[in-house]
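Asker: Shown below is the structure under consideration.
The values are calculated or read from the model by the stated rules, or taken from the named source; none is laboratory data. Predicted model, so just to flag it, every value in this text is computed and none were measured. Don't worry about glycine lacking a Cβ; one is built from the backbone with ideal geometry, like all the others, and counts go over all protein chains shown.
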Amino acid sequence: MTKDVASMFGTPSARNTLMRKSAPELLVWVLVAGLPAATFLWLETHPAANLSIVVPTGHFYVVSAVSVCSAALALVAGLGALRTANARVLLLALGFISMAGFFAVHGLATPGFLVQAEYRAVLGFSARMSLVFAALFLTLSAIDLPARPLAALVRWRGTVMAVWVAALLGYGAAGLLYPESIPPQLMSEQLFLRGTLGAVLALSLFSAVRYYAGYRRSGLAMYGVVALGSVLLFEAQVSMHFGVVWRESWWIYHFQLLGAFAAMLGGVVSEYARGSSTAVTLQGLTLRDPVAQIQAGYTKVIAAFAASLEARDGYTHGHGERVATLAMLIGERLNFAPARLRALAQGALLHDVGKIGVPDAVLNKTGPLNDEEFEVIKQHPTRGAQMLGSAFAGSLELAVIRHHHERFDGGGYPDGLAGAAIPLEVRVASAADVYDALRSTRSYRKAWTREVALAHMREQSGTHFDPVCIEAFLAVVDRWEAEYSAEAEESGTAVLRPLSA
């Protein structure tokens with residue numbers, strides 16, 4: 001039986017499940033980001049097929065569509081920044097405002113539509129500035145800025161947005177009424193052209209990497225669409241820089257930008273349709289702490305199960321959340337991939353879900369359990385795996401739920417697994433579970449001191465716990481104690497609040 005159970009929940013199978021889940025998202029990225037880039041490269045290398053399409057009206061409407069999507073995002077993010085007092089949401093809003101404003105001027109300056117037929121520098125300059133400022137503000141929203149500038153942005157957020165909107169309106173009026181104010185030679189100056197090219201490529205690539213990492217940790221669609229939008233910004237800058245005006249390859253960058261901002265707007269609308277307010281969605285998008293990003297990705301079903309468990313067992317208030325957090329920190333130390341960390345966190349959060357079916361008299365007993373009562377408690381791992389079997393079939397989450405009471409020396413339950421037969425994620429969660437239990441007041445004893453609990457963990461290394469996991473645990477436990485432990489919650493200094501709080 002031990003071998004069968006190990007093969008059912010073993011790490012290789014669970015990793016394959018994660019890979020299968022990521023395949024559709026990879027296909028979407030290839031189609032949305034890869035096809036336009038491939039088309040551009042093909043047209044640039046086949047000049048005979050790269051036809052000139054001079055349609056000023058079409059250009060104006062495509063540019064207008066990009067501006068409208070950006071303006072809608074700017075409105076949503078701007079209101080979100082005002083409501084949440086979040087500096088990073090404000091930076092997102094400024095990025096969307098920049099794209100909407102500069103690109104609107106680019107559209108209005110279309111030769112032969114509303115202005116004279118000849119080309120004016122304001123056309124190309126506005127297009128480049130739209131990408132520069134959009135990429136800049138997206139990147140600023142994705143990095144850790146000093147506390148004082150962030151506080152100043154929050155304090156003056158309304159003024160900052162108003163001033164930036166006024167500046168863009170002033171730029172648009174000056175550029176359209178006095179187009180000669182932007183010297184034509186600027187758009188042929190290689191230092192300017194290459195400088196803006198390099199800046200946008202570097203900034204958009206950085207923001208794409210940061211937001212994609214957040215997506216892999218949290219699974220939240222908004223992280224993914226902003227990462228995809230950043231990739232399309234990168235590609236649009238390449239298409240703009242190397243494409244010849246009115247050629248088919250030049251037209252591609254307009255549709256890459258339309259795809260970028262339509263995808264982001266679609267992400268906001270999708271989250272709203274699922275019941276999430278736009279302000280909360282954007283605020284979650286700006287989380288920088290990896291632990292917070294993963295926790296933001298918990299589904300309502302997962303959070304509901306965790307809350308139900310804590311409602312049953314008041315003595316373990318916040319236990320699942322703290323175990324998940326400590327397990328994530330250990331997993332990060334062991335270089336777990338983001339998707340693997342998310343699975344570990346979700347399994348650790350719900351590791352005791354089987355206790356929902358345990359009678360209150362046993363679950364909340366103030367004295368020691370007798371043999372019969374202990375046998376009832378020992379059923380909770382298998383009961384939890386049965387409860388969530390359909391939701392997490394063959395996954396790391398289910399392995400953590402079923403096996404978190406196994407011991408490294410084979411003396412645990414329910415299946416008596418030992419050593420490498422216990423998936424590494426389970427060994428991590430087991431160490432986190434025991435340490436938080438020792439450091440928390442339970443119905444039958446007071447919390448152990450930090451020193452005594454750490455001594456116990458060291459003593460049990462190689463018997464109860466995997467020595468590799470204990471080494472990683474000891475490297476991160478100080479941070480957990482300071483920011484996430486039960487003591488931090490009681491003192492009000494905890495970085496994250498339990499789900500049931």
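Rundown of residues vs (1) assigned by TED's automatic domain parsing to the domain that holds Lys378; (2) more than 20 Å from Phe336 (Cα to Cα); (3) modelled with pLDDT under 95; (4) under 33 Å from the mean Cα position of the chain (by Cα), yes/no style:
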| residue | (1), (2), (3), (4) |
| --- | --- |
| His404 | yes, no, no, yes |
| Gly410 | yes, yes, no, no |
| Ile422 | yes, no, no, yes |
| Arg427 | yes, no, no, yes |
| Ser430 | yes, no, no, yes |
| Ser440 | yes, yes, yes, yes |
| Tyr444 | yes, yes, yes, no |
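Conditions (1) touching a Gly at 6+ places or on another chain (Cβ under 6 Å); (2) in contact (Cβ under 8 Å) with a residue 60 or more places away in the chain, marked per residue:
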residue	(1), (2)
Leu205	no, no
Ala208	no, no
Leu220	yes, yes
Ala227	no, no
Leu233	no, yes
Ser239	no, yes
Gly243	no, yes
Trp246	no, yes
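Asker: Further question on the same structure: Given segment 416-488, what helices (runs of 4 or more DSSP H) lie entirely inside it while holding 1 or more residues that are among the polar types (S, T, N, Q)?
Answerer: The qualifying helices (runs of 4 or more DSSP H) are 424-438.
Asker: In addition: Taking into account only those residues within segment 448-467 that are surrounded by fewer than 17 Cβ atoms within 10 Å (Cβ to Cβ) and hydrophobic (A, V, I, L, M, F, W, C), which is nearest to Glu406 (Cα to Cα)?
Answerer: Ala455
Asker: When you look at Ala324, is it modelled with pLDDT of 90 or more and of a type outside the set (D, E, K, R), yes or no?
Answerer: Answer is yes for this residue.
Asker: Which members of segment 145-166 meet the condition of being in contact with a Leu (Cβ under 9 Å, 6 or more places away or on another chain) and not hydrophobic (A, V, I, L, M, F, W, C)?
Answerer: Listed by number, the residues that qualify are Arg157, Gly158.
Asker: Determine whether segment 192-211 contains at least one residue that is over 15 Å from Ala135 (Cα atoms), among the polar types (S, T, N, Q), assigned to a helix (DSSP H, G or I) and in the same structural domain as Ala260 (by TED's automatic domain parsing).
Answerer: Taking every residue of segment 192-211 in turn, none turns out to be over 15 Å from Ala135 (Cα atoms), among the polar types (S, T, N, Q), assigned to a helix (DSSP H, G or I) and in the same structural domain as Ala260 (by TED's automatic domain parsing).
So that you can scan it fast, the table gives a plain yes or no per residue for (1) under 25 Å from Phe255 (Cα atoms); (2) out of contact with any strand residue (DSSP E or B) (no Cβ under 7 Å at 6 or more places or on another chain); (3) touching a residue at least 60 places away in the same chain (Cβ under 8 Å); (4) among the aromatic types (Phe, Trp, Tyr):
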{"residue": "Ala85", "(1), (2), (3), (4)": "no, yes, yes, no"}
{"residue": "Val89", "(1), (2), (3), (4)": "no, yes, yes, no"}
{"residue": "Leu94", "(1), (2), (3), (4)": "yes, yes, yes, no"}
{"residue": "Met99", "(1), (2), (3), (4)": "yes, yes, yes, no"}
{"residue": "Gly107", "(1), (2), (3), (4)": "yes, yes, no, no"}
{"residue": "Val132", "(1), (2), (3), (4)": "yes, yes, yes, no"}
{"residue": "Ala162", "(1), (2), (3), (4)": "no, yes, no, no"}
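Asker: Among the residues of segment 341-394, which ones are in a loop (DSSP other than H, G, I, E, B) and within 18 Å of Gly318 (Cβ to Cβ)? Before you say what the answer is, go through the steps one by one.
Answerer: Initial filter on segment 341-394 (in a loop (DSSP other than H, G, I, E, B)): 350-352, 358-359, 364-370, 378-379, 388-394.
Leu350, His351, Asp352, Asn364, listed by residue number.
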